[in-house]
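K.L.:
Before I ask anything, here is the structure I am working with.
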Amino acid sequence: MPKRLVLLLSAFSLAVPAFAVDPAIKKQLEKLDPATRLEQSCDTEAMSRINKDDTGYRPDKVIAYTFKDPVPSDNKLDAPGAVFRSKGDWYHLSYTCITGPQHMNVRALDYKIGEKVPKEKWEKYYLYD
């Protein structure tokens with residue numbers, strides 16, 4: 001393969017985000033301040049990825065800060081104390097998310113699903129049906 005073509009393909013792959021944002025979601029994200037946009041973009045991508053995986057979970061809500069505060073940096077969010085709700089139950093979640101500079105497109109997301117949160121702890125952590 002010619003050297004120019006390899007360089008062009010490499011540059012293109014770096015410029016394109018790994019996960020495209022739905023236009024309706026993008027419009028809503030644009031209204032948020034950058035810190036909130038980072039968290040919401042990552043929460044939305046985590047929910048989408050879990051839904052697409054073959055785990056059987058169907059999340060309708062992700063919260064990054066339930067058990068520990070998330071740790072933001074430039075274009076990265078570490079959320080070691082997150083949760084998600086699936087089919088009426090809450091589950092522990094931790095994730096690391098990397099976005100582009102505008103925090104609109106998620107470029108990388110690694111996550112780990114934890115144990116179900118017992119219903120008797122929901123009130124303490126402000127979780128709901």
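The values are calculated or read from the model by the stated rules, or taken from the named source; none is laboratory data. Please read these numbers as outputs of a predicted model, since none were measured by experiment. Heads up, the Cβs are rebuilt from the backbone with ideal geometry, glycines too, and the neighbour counts pull from every protein chain shown. These area figures cover heavy atoms from the full protein model, side chains too; ligands, DNA and RNA do not enter into them. Shrake-Rupley method; radii C 1.70, N 1.55, O 1.52, S 1.80 Å.
K.L.:
Regarding the stretch 114-121, can at least one residue be identified that is touching a Phe, Trp or Tyr at 6+ places or on another chain (Cβ under 6 Å), surrounded by 18 or more Cβ atoms within 10 Å (Cβ to Cβ), more than 23 Å from LEU29 (Cα to Cα) and not small (Gly, Ala, Ser)?
P.N.:
Among the residues of the stretch 114-121, at least one is touching a Phe, Trp or Tyr at 6+ places or on another chain (Cβ under 6 Å), surrounded by 18 or more Cβ atoms within 10 Å (Cβ to Cβ), more than 23 Å from LEU29 (Cα to Cα) and not small (Gly, Ala, Ser), which makes the answer yes.
K.L.:
On the given criteria, is TYR65 under 13 Å from the mean Cα position of the chain (by Cα) and open to solvent by 70 Å² or more (accessible area, probe 1.4 Å)?
P.N.:
Judged against the criteria, TYR65 is a match.
K.L.:
Return a yes/no flag: does the stretch 45-60 have any residue that is on the phi > 0 side of the Ramachandran plot and out of contact with any Lys or Arg (no Cβ under 8 Å at 6 or more places or on another chain).
P.N.:
yes
K.L.:
Condition first: at pLDDT below 95 and open to solvent by 60 Å² or more (accessible area, probe 1.4 Å). Now tell me which residues in the stretch 92-105 satisfy that.
P.N.:
PRO101, GLN102
Yes/no matrix, rows are residues, columns are (1) assigned to a strand (DSSP E or B); (2) surrounded by fewer than 18 Cβ atoms within 10 Å (Cβ to Cβ):
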site	(1), (2)
ASP60	yes, yes
ASP69	no, yes
LEU77	yes, no
ARG85	yes, no
TRP90	yes, no
ARG107	yes, yes
ASP110	yes, yes
GLU123	no, yes
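K.L.:
Somewhere in the stretch 36-55, is a residue closer than 28 Å to ASP129 by Cβ, of a type in the set (Val, Ile, Thr) and modelled with pLDDT of 95 or more?
P.N.:
Yes.
K.L.:
Just give me the residues in the stretch 78-93 being over 16 Å from PRO118 (Cβ atoms) and of a type in the set (A, V, I, L, M, F, W, C), in sequence order.
P.N.:
Those that are over 16 Å from PRO118 (Cβ atoms) and of a type in the set (A, V, I, L, M, F, W, C): ALA79, ALA82.
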